[in-house]
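S.K.: Structure incoming, see below.
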Amino acid sequence: MISLNRSSFLSNSGVNGSGVNAQRQRRQPPAFVKVIASRSNQDQKGRATSERSGSVLVDSTLKEMKDHTSSSPIVDPESAVSGGVKDVYGEDSATEDQLVTPWTVSVASGYSLLRDPHHNKGLAFAEKERDAHYLRGLLPPTVVSQDLQVKKMMHNIRQYQVPLQKYMAMMDLQEMNERLFYKLLIENVEELLPVVYTPTVGEACQKYGSIFRRPQGLFISLKEKGRILEVLKNWPERSIQVIVVTDGERILGLGDLGCQGMGIPVGKLSLYTALGGVRPSACLPVTIDVGTNNEKLLNDDFYIGLRQRRATGQEYAELLHEFMSAVKQIYGEKVLIQFEDFANHNAFDLLEKYGTTHLVFNDDIQGTASVVLAGLIAAQKLVGGTLADHKFLFLGAGEAGTGIAELIALEMSKQTGAPLEETRKNIWLVDSKGLIVSSRKESLQHFKKPWAHEHEPIKELVDAVKSIKPTVLIGTSGVGRTFTKEVVEAMAAINQKPIILSLSNPTSQSECTAEEAYAWSQGRAIFASGSPFPPVEYGGKVYVPGQV
């Protein structure tokens, strides 16, 4: 078997310093060669006569290529191995013995190169590149630098008044010219981050069926049960290092969006590249489609997922287990699997079940918690003291709320040396039934029980604020406008500088706006939100909200 690294054909200097033209002259047919092998001998037996004769051509072509590579290799041995490409860190060799079927050998050039988003540079192809890659006549004669392309694209995107239109323009660019997409995003991250992720991605997920054009990730549904390993092999990249996976049941604060939750893994992995430097080919967005309980989507003509109620219990568990086993088998032990926007009843169980066998983390439970803790530590510079000097009250006791609470308690325990059980007593949670107290312990879900402290039951948030007297109020409820004027005023009456974190996404689900937090606290609140809010002018001062 031969595995070729496509990028090796796209450098300015060509192959092994001799240029693509020389490579083409040595071997016909020209430039774009695509050879596809059948998956098994059994498959070949069922092919038509013409296809059987085609396999002879495949064999001869492969033999010619093998003969050629033995004397003058056309791939970099450090970048390619049998069955997959080594990652940039040289750590993952687990796929070396994995057969890849179906597989292709392709030399991208000419018209096909311009349709390949990974390597297309549009008008930025230089004169020598246009000759080397057979682009003459396929592009206008002007060579336009990537910097000028960025300027033009930003000008075009700013013409759109509707955020969803900006999102669609960015997704179109990602599908045509990946290099330009990431350069644009990196250089304009503050302006474009709310476009490619929250809050705009929430609306994009709600309307994903209507705006869907090309697949940007892998969809694995109940139809693929028993064949998930085969489905993973259909993804063109082999050296996957990061997988972001969702089942779409709890997308942001918008609820069950089923298959249309794909916008979240796609957007999150764009940030892995733009902000974390992970190469795009190492990232794989995945949506597990087990149905949806969203009646509106089930009756939507444009819905792209399974039209059935959500699978639960053993059927759900078996599909997830097959997926987890398959990704480890094909991508190796070190592939990172990030669980994203799973509902509470599955999120904690999946993290516990696979935490000891796979490299996994849940962004809602652990990722959000780490960022919020960092924000709280930074806030100490404004209010003084340490975390142990504060009392925390949460509205919302799901994945995010309990995950943040646990990390805060762990950090306080680390700083003070106090037992974890003691530091938890500084943290109170309110769910849909009111303050979580010990008298409710028997009816609580297991992840809420550590937060059931001795106190009389309280139903309303404002009453909990007045009774608990927290210095920090954190919203993870997914319900908008729940930090009312009375709640914020109560926080301001207790604290000179109340810390108010309104974390639910998108902005429509935020517990309060930045403007409300500053106005109702007379400009004294230290405010941060999950999705970005613009600067607020109050009392002659301009306040720039933080984002956690």
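S.K.: With the cut-off at 19 Å, report for the stretch 99-198 the share of all Cα pairs above it, as a whole percent.
M.R.: So the pairs more than 19 Å apart make up 49 percent of the total in the stretch 99-198.
S.K.: Give the Rg/Rh ratio for the stretch 117-176, taking Rg as the radius of gyration of the Cα atoms and Rh as the Kirkwood radius, to two decimals.
M.R.: Answer for the stretch 117-176: 1.06.
S.K.: Note the full-extension length gain between Glu489 and Glu352 as 0.36 nm times their separation in residues minus their Cα-Cα distance, in nm to one decimal.
M.R.: 45.3 nm
S.K.: What does the charge count around Pro498 come to, taking other residues whose C-beta lies under 12 Å from its C-beta (Lys +1, Arg +1, Asp -1, Glu -1)?
M.R.: Residues near Pro498 contribute +3 overall.
S.K.: Above 20 angstrom, tally the Cα pairs of the stretch 334-408 and express them as a % of all pairs, no decimals.
M.R.: The answer is 38 percent, as a whole percent.
S.K.: Tell me, what is the per residue accessible area of the stretch 347-423 in Å², probe radius 1.4 Å?
M.R.: With the other protein chains kept in place, the stretch 347-423 gives 42 Å² per residue.
S.K.: Which value, in debye to the nearest 20, gives the size of the charge dipole of the stretch 117-176 about its Cα centre, when Lys and Arg are +1 and Asp and Glu are -1 at the Cβ?
M.R.: 160 debye
S.K.: What number, in nm² with one decimal, is the all-direction average of the projected area of the convex hull of the alpha-carbon atoms of the stretch 193-290?
M.R.: 6.3 nm²
S.K.: Pop out the ³J(HN,Hα) list for the stretch 288-293 in order, Karplus 6.51 cos²θ - 1.76 cosθ + 1.60 with θ = phi - 60°, rounded to Hz; leave Gly and Pro as x.
M.R.: The phi angles translate into 8, 9, 10, x, 8, 9 Hz.
S.K.: How much FRET efficiency would the formula 1/(1 + (r/R0)^6) give for Glu230 and Asn156, where r is the Cβ-Cβ distance and R0 is 45 Å, rounded to 0.05?
M.R.: For R0 = 45 Å, the calculated efficiency reads 0.65.
S.K.: Here is a further query. At a 1.4 Å probe radius, carbon and sulfur cover how many percent of the accessible area of the stretch 367-547?
M.R.: The computed percentage sits at 53.
S.K.: Rounded to the nearest 10 Å², what accessible area does Ser529 show when all protein chains are kept and the probe is 1.4 Å?
M.R.: In the full protein context, Ser529 sits at about 0 Å².
S.K.: Also, I was wondering about something else. Taking all protein chains in place and a 1.4 Å probe, what share, in percent, of the accessible surface of the stretch 117-176 do carbon and sulfur account for?
M.R.: The nonpolar share, carbon plus sulfur, comes to 59 percent.
S.K.: Excluding Phe212 itself, what net charge comes from residues whose Cβ is under 15 Å from its Cβ, given Lys and Arg +1 and Asp and Glu -1?
M.R.: -3
S.K.: If you don't mind, there's one more thing I want to ask. With every protein chain in place, what's the accessible area of Val278 (1.4 Å probe, Å², nearest 10)?
M.R.: Result for Val278: roughly 30 Å² accessible.
S.K.: Follow-up question, since we're still on this one. For the stretch 434-477, what class follows from the C-alpha gyration tensor (a ≥ b ≥ c being the square roots of its eigenvalues): rounded when a/c is under 1.5, otherwise prolate if a/b is larger than b/c, else oblate?
M.R.: Since a/c reaches 1.5 and a/b is larger than b/c, the shape of the stretch 434-477 is classed as prolate.
S.K.: Over the stretch 199-362, what per residue volume does the convex hull of the Cα atoms give, in whole Å³?
M.R.: Residue-normalised Cα hull volume stands at 111 Å³.
S.K.: What's the FRET efficiency of Glu442 with Leu410 using the Cβ-Cβ distance as r and R₀ = 22 Å, to the nearest 0.05?
M.R.: The formula returns an efficiency of 0.25 here.
S.K.: Based on the Cβ-Cβ distance from Glu460 to Ile186, what FRET efficiency comes out when R0 is 56 Å, to the nearest 0.05?
M.R.: 0.80
S.K.: Dipole size in debye (nearest 20) for the stretch 401-511 around its Cα centre, Lys and Arg Cβ +1, Asp and Glu Cβ -1?
M.R.: 60 debye
S.K.: Please give the net charge around Trp520, taking every other residue with its beta carbon less than 15 angstrom from that of Trp520, where Lys and Arg add +1 and Asp and Glu add -1.
M.R.: For residues surrounding Trp520, the net value is -1.
S.K.: If you take the square roots of the eigenvalues of the alpha-carbon gyration tensor of the stretch 281-428 and sort them as a ≥ b ≥ c, do you get rounded (a/c under 1.5), prolate (a/b over b/c) or oblate?
M.R.: prolate
S.K.: If you build the Cα gyration tensor of the stretch 367-547 and take the root of 5 times each eigenvalue, what three semi-axes come out, in whole angstrom, biggest first?
M.R.: 25, 18, 15
The values are calculated or read from the model by the stated rules, or taken from the named source; none is laboratory data. Here the structure is a predicted model, which is why all the values come from computation and not from measurement. Reconstructed Cβ throughout: ideal geometry from the backbone, glycine too, with neighbour counts over all protein chains shown. Note: accessible area is taken over every heavy atom of the protein model, side chains too, but ligands, DNA and RNA are not part of it. Shrake-Rupley method; radii C 1.70, N 1.55, O 1.52, S 1.80 Å.
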